[in-house]
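Asks: So that we are looking at the same thing, I have put the structure below in structure tokens.
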Amino acid sequence: MKVMDSAFAQSFVKFADDGWNRGYHERNGGNLSYRIPTEEVEAVKEDLDFSRPFTDIGTDVPALAGEYFMVTGSGKYFSNILAAPRDNCCIIEVDSEGKKYRILWGLEKGGKPTSELPTHLMNHEVKKLATNGKSRLIYHCHPVNIIAMSCVLPLTDRDFTLALWQNMTECAIVFGEGVGVIPWMVCGGREIAVETAKKIAKYNVVVWAQHGLFCAGADFDETFGLAHTVEKSAEIYVKIYSMTGGKAPRQVITNENLKELQGLAEFFGAKISPEFMD
Ligand SMILES: [Zn+2]
């Protein structure tokens, strides 16, 4: 089968286009990677080229040795992915030591995988180990309202988690473990990758101050839905404080309400972390 005839590649492209249509990807902002299951790689193997040389990843990811990923390209625009996936995305293979990668498909007109590849792969490694292999996507985007919040709120996991939980009931169920926050750092390097990986071990959402979001998930719908839910709550937060002129709103979901919600969360197989409810 050709790569673009596969369900995973079509889901990848749709995901990227949904992100573009939501306004999360100005210019070449954002990146996406999918750890491809063995059977999905096997199904498209006739379309893969194993002749290209391996290149250093820039970090070690031994738990990802021999894994395959579909990844957006460095400097490529999400707005172009739907029309020309082969020019803007690639499939890579990680070598047997987890130190190098090579391109097997895509980036037909040249280019490299996303400049955030070290962060993506380190996050994939952490999530693969933490979820017994279930987590398969890492998504980075630049939504307006979460970035605006990061210019105003204290940059703590607690402040962001409560601010995002308090305005909309589904939030504590969708991201019941809360959200992690890291302060502004230079992106694209190993240092921000290490800090993000520490947070993503505990959460599925990490806010990069004055930059955007990193989200992890098991499938395309869940991962995009997570980013969308976080950003929607952030938009409500921004609207509330714009309406009140910066004053606290008259009513929000209280910690007591969150405790009452725990039963419903458990019904959906989720759990609201008690860490933030005291
Ligand atoms: Zn970015």
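Asks: Under 15 Å from a point 7 Å along the Cα-to-Cβ line of Thr38: which residues of the stretch 57-85 have their amide N that close?
Replies: Answer for this model: 64-68.
Asks: Using the Cα gyration tensor of the stretch 132-278, with a ≥ b ≥ c the square roots of its eigenvalues, what is the shape: rounded (a/c below 1.5), prolate (a/b larger than b/c) or oblate (neither)?
Replies: On the way: a/c = 1.75, a/b = 1.13, b/c = 1.55.
Cα axes put the stretch 132-278 in the oblate bin.
Asks: Grab the DSSP H runs of the chain that are 4 residues or longer, score each as -39,500 (n - 2.57), total them, divide by all residues and round the 222 nm result to the nearest 500 deg cm²/dmol.
Replies: Numbers: 10 runs with 107 residues, N = 278.
-11500 deg cm²/dmol, from helical runs alone.
Asks: Indicate the gyration tensor shape class of the stretch 106-155 (rounded, prolate or oblate), computed on the Cα atoms with a ≥ b ≥ c the square roots of the eigenvalues: a/c under 1.5 is rounded; otherwise a/b larger than b/c is prolate and the rest oblate. Please list the in-between numbers first.
Replies: Numbers: a/c = 2.83, a/b = 1.26, b/c = 2.25.
Here the stretch 106-155 falls in the oblate category.
Asks: Shape verdict for the stretch 177-249, please, from the Cα gyration tensor: rounded (a/c under 1.5), prolate (a/b greater than b/c) or oblate.
Replies: Details: a/c = 2.51, a/b = 1.46, b/c = 1.71.
Verdict is oblate for the stretch 177-249.
Asks: Label points 7 Å out from Cα along the Cβ direction at Glu222 and Glu97: separation in nm?
Replies: Result for the modelled spin labels: 3.4 nm.
Asks: Per q in 0.17 1/Å, what log10 I(q)/I(0) does a Debye calculation on the alpha-carbon atoms of the chain return?
Replies: Values, matching the q order: -1.34.
Asks: Hey, got a sec? Which chymotrypsin sites (Phe, Trp or Tyr not before Pro) in the stretch 30-105 land in a DSSP loop and have at most 11 other Cβ atoms within 10 Å?
Replies: On the way: sites: Tyr34, Phe50, Phe54, Tyr68, Phe69, Tyr77, Phe78, Tyr101, Trp105; in loops: Phe50, Phe54, Tyr77.
Here the sparse-neighbourhood loop sites are Phe50.
Asks: Which of the trypsin sites (Lys or Arg not before Pro) found in the stretch 207-276 are loop residues per DSSP with 16 or fewer other Cβ atoms within 10 Å of their Cβ? Each step should come with its number before you reach the end.
Replies: Numbers: sites: Lys232, Lys239, Lys247, Arg250, Lys259, Lys271; in loops: Lys247, Arg250, Lys271.
Taking the stretch 207-276 and a limit of 16 other Cβ atoms within 10 Å, the loop trypsin sites (Lys or Arg not before Pro) found are Lys247, Arg250, Lys271.
Asks: Something else about it: Residues of the stretch 31-52 with the amide nitrogen closer than 20 Å to a label point 7 Å from the Cα of Met1, along Cα-to-Cβ, please.
Replies: It comes to 33-50, nothing else.
Asks: Tell me, how many Å apart are the Cα centres for the stretch 83-99 and for the stretch 183-203?
Replies: Between the Cα centre of the stretch 83-99 and that of the stretch 183-203, the gap is 22 Å.
Asks: Okay, moving on. What nm value, rounded to one decimal, do you get for the distance between Lys202 and Asn257 when each label is placed 7 Å out toward the C-beta?
Replies: Spacing of the two 7 Å Cα→Cβ label points: 2.5 nm.
Asks: To the nearest 20 Debye, how big is the dipole of the stretch 127-224 about its Cα centre, given +1 on the beta carbon of each Lys and Arg and -1 on that of each Asp and Glu?
Replies: So the magnitude is around 360 debye.
Asks: Just the number, please: percent antiparallel of the DSSP beta bridges in the stretch 132-278, rounded to the nearest 5.
Replies: On the way: 9 of 12 bridges.
Taking every DSSP beta bridge within the stretch 132-278, about 75 percent pair in antiparallel fashion.
Asks: Straight distance only, please: which lysines reach the Cα of Lys239 with their own Cα at less than 16 Å, same-chain residues fewer than 8 apart left out?
Replies: Counting by Cα, and skipping residues close in sequence, Lys239 has these lysines nearby: Lys247.
Asks: To continue, here is another question. Hey, how many Å between the Cα centroid of the stretch 1-37 and the Cα centroid of the stretch 204-278?
Replies: Value for the Cα centre distance between the two parts: 24 Å.
Asks: For a quick check: with amide H placed at 1.01 Å from N, whose amide H comes under 5 Å from Ser115's, ignoring anything fewer than 5 positions away on the same chain?
Replies: Here Ser74, Gly75 satisfy the definition.
Asks: Across the stretch 76-91, in residue order, what do the Karplus-derived ³J(HN,Hα) couplings come to in whole Hz, using 6.51 cos²θ - 1.76 cosθ + 1.60 with θ = phi - 60° and x for Gly and Pro?
Replies: Per residue, the Karplus-derived 3J(HN,Hα) values read 8, 9, 4, 5, 9, 5, 4, 6, 9, x, 5, 8, 10, 10, 8, 10 Hz.
Asks: Further, regarding this structure: Anything over 26 Å Cα to Cα? Flag those among Lys134/Lys199; Lys100/Lys232; Lys14/Lys259; Lys127/Lys271; Lys109/Lys232, in the order listed.
Replies: Numbers: Lys134/Lys199 18 Å; Lys100/Lys232 38 Å; Lys14/Lys259 37 Å; Lys127/Lys271 18 Å; Lys109/Lys232 36 Å.
Pairs exceeding the cut-off: Lys100/Lys232; Lys14/Lys259; Lys109/Lys232.
Asks: Could you please tell me the mean projected area of the C-alpha convex hull for the stretch 34-125, averaged over all directions and given in square nanometres to one decimal? Working shown, then result.
Replies: Details: hull surface 22.8 nm².
Computing the convex hull of the Cα atoms and averaging its projections yields 5.7 nm².
Asks: Compute the distance in nm between two label points, each set 7 Å from the Cα along the Cα-to-Cβ direction, one at Arg27 and one at Thr156.
Replies: So the two model labels end up 3.5 nm from each other.
Asks: On to the next question. Roughly speaking, what is the stretch gain from Ala65 to Met185, that is 0.36 nm per residue apart minus the C-alpha to C-alpha distance, in nm to one decimal? Mind showing how you got there, number by number?
Replies: Numbers: separation 120, 0.36 × 120 = 43.20 nm, distance 2.82 nm.
The Ala65-Met185 span can extend by a further 40.4 nm.
Bear in mind these aren't lab numbers, they're just calculated from the coordinates by the rules spelled out. Since we're looking at a predicted model, the values are computed, not measured. Note: ideal-geometry Cβ built from the backbone for every residue, glycine included; neighbour counts use all protein chains shown.
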